[in-house]
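K.L.:
Below is a structure I'd like to ask you about.
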Amino acid sequence: MSVSRRRFLTWMGGASFATAVGRKAHAGTNKEFKGYPDSMGVLHDTTLCVGCRRCEEACNKVNDLPAPDVSFRDESVLNQERRTTAKAYTVVNKYADPDRPGGVTFRKLQCNHCKEPACASACFVKAFKKTPEGAVVYDASVCVGCRYCMVACPFNIPAYEYEKVLDPRVMKCTMCHPRILEGKIPGCVEVCPVEALTFGKREDLIRIARDRIRKYPEKYVDHIYGEYEMGGTNWLYITGTPYEEIGMREDLGTTSAPELTAGALGAVPIVVGLWPVLLTGIWAMTQRKEKISAEEKKEAVAQAVAKTEAEAEEAMAAAMEKARKDQDAAVKKEVKKALEEAKKAKEEGTDKKEEDV
């Protein structure tokens with residue numbers, strides 16, 4: 001797809017006109033995801049987690065990801081706070097517990113699978129989709145690489161394959177959606193040796209979490225993280241350490257990202273109409289710029305090759321001319337030498353005859 005600046009501005013003008021005459025425009029970012037009442041989820045009880053990293057290893061195996069730089073048996077990586085990457089959909093971090101001197105809390109990070117995902121809301125080509133099973137999945141075949149999903153995610157989870165020149169993708173946890181469709185549980189949940197992870201219907205998980213908090217109030221913070229944050233997530237947490245002490249944002253509020261976006265854009269109707277056109281135009285112009293850049297590089301290479309060939313031919317001609325002159329000089333030298341030798345032999349022959357006489 002090639003779009004010039006003039007055509008892009010034409011689109012913008014058309015969109016502005018459509019908005020001005022009152023036609024209702026629906027932005028891709030303005031669609032709300034209502035969530036699914038029977039969707040599945042995972043409850044992470046950080047009071048049970050021992051930081052063994054088995055979940056990381058299982059995730060790596062299930063998703064056929066590259067081998068890590070550091071072995072999954074090496075717990076020294078827990079000494080640094082990590083985030084998810086294109087090669088690691090989940091990581092476990094260790095945090096000091098301020099209420100227990102010398103005590104630590106381990107927390108597993110991955111996509112929280114929002115009920116109304118901000119990444120899906122920001123994606124104007126709909127590469128992200130909330131499934132009825134609860135997982136937020138990604139379709140790389142339609143992704144244009146704008147990475148608005150990475151900007152939109154309040155949990156800083158999606159990662160990008162920057163090192164890939166061809167077809168880079170956005171990478172994140174899928175909650176093992178293909179396994180769920182097969183009737184299996186996520187790989188990380190299956191392998192956890194201490195049952196710090198529980199898989200089930202989201203509503204059942206909330207009941208389990210409430211029961212634990214009620215039975216052991218001295219053990220848990222009286223809050224289920226993810227029940228309401230950003231409209232709710234399908235990955236839930238309970239902990240005995242204040243959430244802010246284990247790197248979890250408590251400033252997100254309970255309003256979903258699409259609802260926030262809809263309100264902001266709804267206050268400025270023209271933005272709602274122009275938003276998809278603007279994003280599509282920026283993407284298309286970027287594609288055109290890259291195409292022109294590629295053509296310019298191709299032409300520059302061709303010119304360089306032609307110049308090199310011309311210089312080589314010129315050098316070859318000069319070398320051949322020099323060789324010809326050297327050859328002529330050598331021939332003349334040998335001829336002169338032969339004539340001098342013949343003259344000398346003749347003179348010596350004449351002198352001998354005179355002596356004999």
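K.L.:
Note down the nm distance, to one decimal, between modelled labels 7 Å out along Cα→Cβ at THR308 and at LYS337.
P.N.:
4.2 nm
K.L.:
Anything over 32 Å Cα to Cα? Flag those among LYS172/LYS297; LYS172/LYS215; LYS184/LYS215; LYS87/LYS126, in the order listed.
P.N.:
Details: LYS172/LYS297 35 Å; LYS172/LYS215 35 Å; LYS184/LYS215 30 Å; LYS87/LYS126 23 Å.
Beyond 32 Å: LYS172/LYS297; LYS172/LYS215.
K.L.:
Report the calculated FRET efficiency for GLU81 and ALA315 (r = Cβ-Cβ distance, R0 = 51 Å), to the nearest 0.05. Could you put the intermediate results ahead of the total?
P.N.:
Values: r = 60 Å, r/R0 = 1.19.
Taking R0 as 51 Å, the efficiency between GLU81 and ALA315 is 0.25.
K.L.:
Another question, if that's okay. For a quick size check, give me the Cα extents of region 151-244 along its three principal axes, largest first, whole Å.
P.N.:
Dimensions of region 151-244 along the principal axes of its Cα atoms: 53, 33, 25 Å.
K.L.:
R0 = 56 Å: FRET efficiency of TYR36 with GLU299, Cβ-based, nearest 0.05? Don't skip to the end; give the middle numbers.
P.N.:
On the way: r = 54 Å, r/R0 = 0.96.
Plugging the Cβ-Cβ distance into 1/(1 + (r/R0)^6) gives 0.55.
K.L.:
Sticking with this structure for a sec: Please go through region 71-177 and write out the GluC sites (Glu not before Pro) that DSSP classes as loop and that have at most 13 other C-beta atoms within 10 Å.
P.N.:
On the way: sites: GLU75, GLU81, GLU133, GLU161, GLU163; in loops: GLU81, GLU133, GLU161, GLU163.
Qualifying residues, ordered by number: GLU81, GLU163.
K.L.:
Let me ask something additional. With r defined as the distance between the Cβ atoms of ARG324 and ASP351 and R0 fixed at 45 Å, what FRET efficiency is calculated, to the nearest 0.05? Present the calculation step by step, with values, prior to reporting the outcome.
P.N.:
Details: r = 41 Å, r/R0 = 0.92.
Given R0 = 45 Å and the Cβ-Cβ separation, E is 0.65.
K.L.:
Chymotrypsin sites (Phe, Trp or Tyr not before Pro), restricted to region 149-185: which are DSSP loop and have at most 16 other Cβ atoms within 10 Å? Don't jump to the answer; show the numbers that get you there.
P.N.:
On the way: sites: PHE155, TYR160, TYR162; in loops: PHE155, TYR162.
Taking region 149-185 and a limit of 16 other Cβ atoms within 10 Å, the loop chymotrypsin sites (Phe, Trp or Tyr not before Pro) found are TYR162.
K.L.:
What percentage of all Cα-Cα pairs in region 212-259 are separated by more than 18 Å?
P.N.:
32 percent
Quick note: the coordinates plus some simple rules give every number you see, no bench work behind them. As the structure is a prediction and not an experimental result, all values here were calculated from the model. A quick note on method: Cβ atoms are made from the backbone with ideal geometry, for glycine too, and the neighbour counts reach across all protein chains shown.
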